[in-house]
Amino acid sequence: MGTQYKKFEAHGSGGPRIREIPMRMVLPNLVTVLAICAGLSGIRFGFEGRFEPAVVMVLLAAFLDGIDGRLARMLKATSKFGAQMDSLADIVNFGVAPALVLYAFLLDRAGSPGWIAALLFAIACGLRLARFNVLDEETDRPAWQSEYFVGVPAPAGAVLVMLPLYLYFLRLGVEPGRPAAFVATGFTVLVAFLLVSRLPVYSGKSFKIPGDKVLPIILGVVLYILLLMTYPWYTLTASVAGYLIFLPFSVRAYSKRAKREGEKVPPSDIG
């Protein structure tokens, strides 16, 4: 007992002493927590019927969730704790939040099929993230295959699945009735299957910008951000349409690259 008491005293009255942690190690985890708060706030706004701020919060959560890992690598502050936090945040922000906001907005009008579609999307997002973590640890894959995601990435899936909300915000005069709910249910199931598919989706990780194209590309990115701020729902709708059109081209590019690299495995067999 005496020895245990001395150890307790040595560590202080509040339990074992925890070593000091630099602020740069805390910052990425703080961004992750803020992303979770944004995602959960989006769910709250959705069930309160405030759908525009709900979508904004979900998109903000997706943005914050997308930069926390990059911030950690930039600050050299990666950790196992941060990786676990990021995985949990991904499921909330890319899977649960969009599904529940969409359900509160429209899918509930389809009854049980709408709820099943919301569940399928959230589960598919979790499976997609788990597969990403597994593939990220594999070292025996050809280097060029790391340039492609296996299936639509979770952040893109979250943006895609909320297309019915973007269309409604355009004020096109289409009311979110029962027929629209069944169409949205089918679209949600489609996005869920795109998440867990073996579709090769170009990631752009190794894309290099030619020196003479840097300024035009910067100008283009600034233009896109300005359009997103000024005409958010038009821009998001166009972005979703552009991304869906891009997918077949990505599969074609993968097939050509596989033939060039001498791979015998077709795109549908990766993963």
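Within region 230-245, restricting attention to residues that are touching a residue at least 40 places away in the same chain (Cβ under 8 Å) and open to solvent by 50 Å² or more (accessible area, probe 1.4 Å), which residue is farthest from S203 (Cα to Cα)?
Of everything passing the filter in region 230-245, Y234 is farthest from S203 (Cα to Cα).
Just need a number here: residues in region 192-223 that are surrounded by fewer than 13 Cβ atoms within 10 Å (Cβ to Cβ) and either under 19 Å from the mean Cα position of the chain (by Cα) or assigned to a helix (DSSP H, G or I) (or both).
Total satisfying the criteria: 15.
Please determine, by comparing only the residues of region 122-176 that are touching a helix residue (DSSP H, G or I) at 6+ places or on another chain (Cβ under 7 Å) and modelled with pLDDT under 85, which one is nearest to R257 (Cα to Cα).
Only one residue fits best here, namely W144.
When you check F182 against the structure, is it open to solvent by less than 70 Å² (accessible area, probe 1.4 Å) and not in a loop (DSSP other than H, G, I, E, B), yes or no?
In short, no.
Considering each residue of region 93-144, count those that are buried (at least 19 other Cβ atoms within 10 Å of the Cβ) and closer than 22 Å to R73 by Cα, and give that number.
3
Quickly run through region 144-173 and pick out the residues that are within 17 Å of V134 (Cα to Cα) and among the β-branched types (V, I, T).
Selection gives V150, V152.
Report yes if some residue within region 255-268 is at pLDDT below 80, more than 17 Å from the chain's Cα centre (by Cα), within 25 Å of I123 (Cβ to Cβ) and polar (S, T, N, Q); otherwise report no.
yes
Testing G151 on (1) at positive phi; (2) loosely packed, with under 14 Cβ neighbours inside 10 Å, one condition comes back false. Which one is that?
G151 satisfies every listed condition except (2).
Out of all the residues in region 39-66, which are of a type outside the set (D, E) and open to solvent by 60 Å² or more (accessible area, probe 1.4 Å)?
Residues satisfying the conditions are L40, R44, F47, R50, V56, L60, F63.
Return the total of residues in region 66-117 being in a loop (DSSP other than H, G, I, E, B) and touching a residue at least 60 places away in the same chain (Cβ under 8 Å). Let's see the steps before the verdict.
Step one: of region 66-117, the residues in a loop (DSSP other than H, G, I, E, B) are 75-79, 106, 111.
Filter once more, so that each one left must be touching a residue at least 60 places away in the same chain (Cβ under 8 Å): 106.
So the answer is 1.
The values are calculated or read from the model by the stated rules, or taken from the named source; none is laboratory data. No experiment lies behind these values; they were computed from the predicted model shown. Cβ atoms come from the backbone with ideal geometry, glycine included; neighbour counts cover every protein chain shown. All accessible areas refer to the heavy atoms of the entire protein, side chains included, with ligands and DNA or RNA removed. Shrake-Rupley method; radii C 1.70, N 1.55, O 1.52, S 1.80 Å.
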